[in-house]
């Protein structure tokens with residue numbers, strides 16, 4: 001059985017690149033913890049949307065789970081105030 005991995009889509013990559021190195025590292029660390037220990041991650045389903053939400057400090061990562069290929073597909077990254085407006 002293969003390992004879980006994540007795929008960060010272009011809009012999320014662009015947002016991540018605009019952040020400070022400290023915030024980038026914090027988000028990447030949070031995503032890696034999702035791979036190693038998903039039970040302890042702060043994940044919730046979104047109401048009215050198909051994605052799940054991962055909370056990493058002040059930031060939110062919206063994602064889908066591809067069970068068949070064992071991939072977390074990160075669609076958006078942003079602050080709480082901005083991420084849900086899109």
Original post:
Considering only DSSP beta bridges with both partners in the chain, what is the antiparallel share in %, to the nearest 5?
Top reply: 80
Original post:
Taking Cα centroids, how far is the range 55-86 from the range 1-35 in Å?
Top reply: 10
Subject >> Candidates 36, 22, 75: whichever shows maximal mean-square fluctuation once the chain is modelled as a Gaussian network with Cα springs under 10 Å >> reply: 22
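Over all directions, average the projected area of the Cα convex hull of the chain and note it in nm².
Numbers: hull surface 23.1 nm².
The number I arrive at for the chain is 5.8 nm².
Each value in this text was obtained by applying a stated rule to the coordinates, not by laboratory testing. Source: prediction; values computed, not measured.
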